[in-house]
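S.K.: I have a structure I would like to understand better, so I am pasting it below and will then ask my questions one at a time.
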Amino acid sequence: MHILVHNAARKAKSITFKGGLKIKMAVKVKNLVISVVSAGLVILAACASAPAAPVIPAKQPATQSTAAQPQTTASQPDAQQNTKVGDNKSTDANSEVPKAPATTVNRVDVIYFHANQRCVTCLCFEQHVNHVIDTYFIEALNNGKLTFQVLNLQQSENEAITKKYQAVGSQLFINVIINGIDTIQDIQNIWNWKCTSDPNGFERKLKNIIEGSLREVS
């Protein structure tokens, strides 16, 4: 009986030992599986959080550039290039500016100034100065040795020349110009030459003064 009990105890220990070993091995396998799964999950998470690699497009083969086509449109000539230097002719007939009389370097300028309001004596001066110039000095006018003007000193376009001669009323000026230098004479004696009562004497005196001035520029 004692022997049976002892054998039964040994078998029980053996079963217990073998059962414990199986349990320990099962636990180790379980732990190994958990470790592998955990490692796999970590790797997947790392792959998911990593930035995606840029996609590099494949290089396209270089295409042959089309050769530039030659320009066939002829350039229009520049109108300004066809204009001759110094050509001041206007194409508009209505804008033509009258030419000033030809003058030489040495000449005599005769200028009679008057205001808007005219008196009998003033009108007489203008009439007989014109007559003297037209009668005796046409050749001098034509060759530029003499110029003659009648100007209204109150008109704006005559402002500059009025200031030059310092005209203030009915006045006759004779300017002898030699080498560009003015020698201006204010002929105030016309008021004493009795234009209205002795027009011939007036014209004779004026003619003598103009002839003397022309001799200076001859």
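Any read-out appearing in this document is the output of simple, stated calculations on the displayed coordinates, not a laboratory observation. Quick caveat: nothing in here was measured; it's all calculated off a predicted structure. FYI the Cβ positions are ideal-geometry reconstructions off the backbone, even for glycines, and counts take in every protein chain you see.
Every residue, every condition in (1) within 18 Å of GLU126 (Cβ to Cβ); (2) over 47 Å from the mean Cα position of the chain (by Cα), yes or no:
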| residue | (1), (2) |
| --- | --- |
| LEU151 | yes, no |
| SER170 | yes, yes |
| ILE174 | yes, no |
| THR183 | no, no |
| ASP198 | yes, yes |
| GLY201 | yes, yes |
| LYS207 | yes, yes |
| SER218 | no, yes |
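S.K.: Follow-up question, since we're still on this one. Hey, VAL168 hits all of (1) exposed (fewer than 12 other Cβ atoms within 10 Å of the Cβ); (2) touching a residue at least 40 places away in the same chain (Cβ under 8 Å) but one; which does it fall short on?
M.R.: Unmet for VAL168, out of (1) exposed (fewer than 12 other Cβ atoms within 10 Å of the Cβ); (2) touching a residue at least 40 places away in the same chain (Cβ under 8 Å): (2).
S.K.: What are the residues in the stretch 136-156 that are free of Cβ contacts under 8 Å to residues at least 60 places away in the same chain and over 15 Å from HIS114 (Cβ atoms), if any? If you could, list the steps in order and put the result at the bottom.
M.R.: Let us first name the residues in the stretch 136-156 that are free of Cβ contacts under 8 Å to residues at least 60 places away in the same chain, namely 138-139, 141-144, 147-156.
Across the stretch 136-156, the qualifying residues are ILE138, GLU139, LEU141, ASN142, ASN143, GLY144, THR147, SER156.
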